[in-house]
1. Would segment 263-368 count as rounded, prolate or oblate if I go by the C-alpha gyration tensor, calling it rounded below 1.5 in a/c and otherwise prolate when a/b exceeds b/c, oblate otherwise?
2. With springs connecting C-alpha atoms under 10 Å apart, model the chain as a Gaussian network and identify which of Glu207, Glu276, Glu139 has the largest mean-square fluctuation.
3. Quick check on segment 160-238: take the gyration tensor over C-alpha atoms, sort the square-rooted eigenvalues as a ≥ b ≥ c, and tell me if it's rounded (a/c under 1.5), prolate or oblate.
4. Highest mean first, what order results for 317-323, 147-153 on Cβ atoms within 10 Å?
5. Per residue of segment 161-166, in order, report the coupling 6.51 cos²θ - 1.76 cosθ + 1.60 (Karplus, θ = phi - 60°) as ³J(HN,Hα) in whole Hz, putting x for Gly and Pro.
6. What does the charge count around Asp241 come to, taking other residues whose C-beta lies under 12 Å from its C-beta (Lys +1, Arg +1, Asp -1, Glu -1)?
7. What order, most packed first, do the peptides 115-123, 308-316, 185-193 have when packing is the mean number of other Cβ atoms within 10 Å of each residue?
8. Would you look at the GNM of the chain, springs on alpha carbons closer than 10 Å, and say which of Gly154, Gly290, Gly350 moves the most?
Amino acid sequence: MAYRNIPTGQTPTDRRAFLKMAGAAWAATLAPQAAFALSRTDAVYASAFMAPDGSYGVATLSEAGNIIERVPLPARAHGMTWSPVTNRAVAFARRPGTYAMIFAPDDSVEPIVITSVEGRHFYGHGCFSADGRLLYATENDFANNRGMIGVYDGTNNFARIGEFPSYGIGPHDMTLGQDGKMLVIANGGIETHPDFGRTKLNLDHMEPSLALVDTATGALIERHAMPDNLRQLSTRHVDIDADGKVWFACQYEGARNDLPPLAGSFARGEDIRFLELPDETTMALANYVGAIAVNRHDGLVGLTSPKGGTAVTIDAKTGKVIRQDALADAAGIAPSPHGFVASSYSGQFGDTQSKVAWDQHIVRIGKL
């Protein structure tokens, strides 16, 4: 099942324009079936996966879920990012992994693998600067129990050139503000240490927050802590809508029978506001939103929950639920030309079932 709100109307003109953007040279290197899939889609995506033999990789796909190309990865990846300026994508290792692989979706250059510096590991997410020259990555300074943002130089093989605080514990997802001058960071508030794998060490005194940080100086612009009664609501993923509003999604570490708010929004200079979802929707999300995406063109927000096996579409203006679908093992979600496309751990992507396990996130290679 394709997870879309409005059927996509593809036209020959759309496809020719997309193929021109993607590059005829790329299409010429593909197997006929993959080249055909590329020519028939209005959007290309990338997502990490685990193959049936237990190996890991990242794939580029059509909106329908047809795999166009695969690139092997040294270990399991988690989040993805892409720069429309440089056409570089990044797959970040799953926490507490220590690698990130930078590659060109059209296979025009050799991939680059970078490794986190001593005393750090990646948290699975990052983003490019507006001009594509810098890569920002969420990292853990585990000896000092503080979140850091590593800065990598895209003009010099992504050498690490600096860092600044995330102004919280356990920074996870991060995105760039519309003006390119501000990072939005979701500090999950959970203390971890690689000596203990993925064990959460401070569930009784979590410190979740959302931070806005100046890209030029690394200075804190503003910080929003979760209310005292929601300190076990880990802020995990973020996106930004067409009006510049930040949308965030959470994972609750409290009692299973609680029904806390799981998503919300705020604009710079304003307090956070939680979405007031119907109880049946909150129950379906099972206290765990694994991914969030904004479709800026359609004014929609999408949420997925692998624990609840649910995908939800929300009107960004009204906060009302437009659509709620059962999707077993729901994983990633990303904007499509109309609505969203979603994936699952069991291999579903859009309309297609593949013999891979898709990981938690999808990045769209292109603009709406």
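The values are calculated or read from the model by the stated rules, or taken from the named source; none is laboratory data. Just so you know, these numbers come straight off a predicted model, no measurement behind them. Virtual Cβ from ideal backbone geometry, glycine too; neighbours counted across all protein chains shown. Heads up: the accessible areas ignore ligands, DNA and RNA and are worked out on the full protein's heavy atoms, side chains in. Shrake-Rupley method; radii C 1.70, N 1.55, O 1.52, S 1.80 Å.
1. Since a/c reaches 1.5 but b/c is at least a/b, the shape of segment 263-368 is classed as oblate.
2. So, out of Glu207, Glu276, Glu139, the one fluctuating most is Glu276.
3. Oblate.
4. Sorting 317-323, 147-153 by mean packing, highest first, produces 147-153, 317-323.
5. Result, rounded to whole Hz: 10, x, 7, 8, x, 8.
6. -1
7. Top of the packing list down: 185-193, 308-316, 115-123.
8. Of the options given, Gly154 has the highest mean-square fluctuation.
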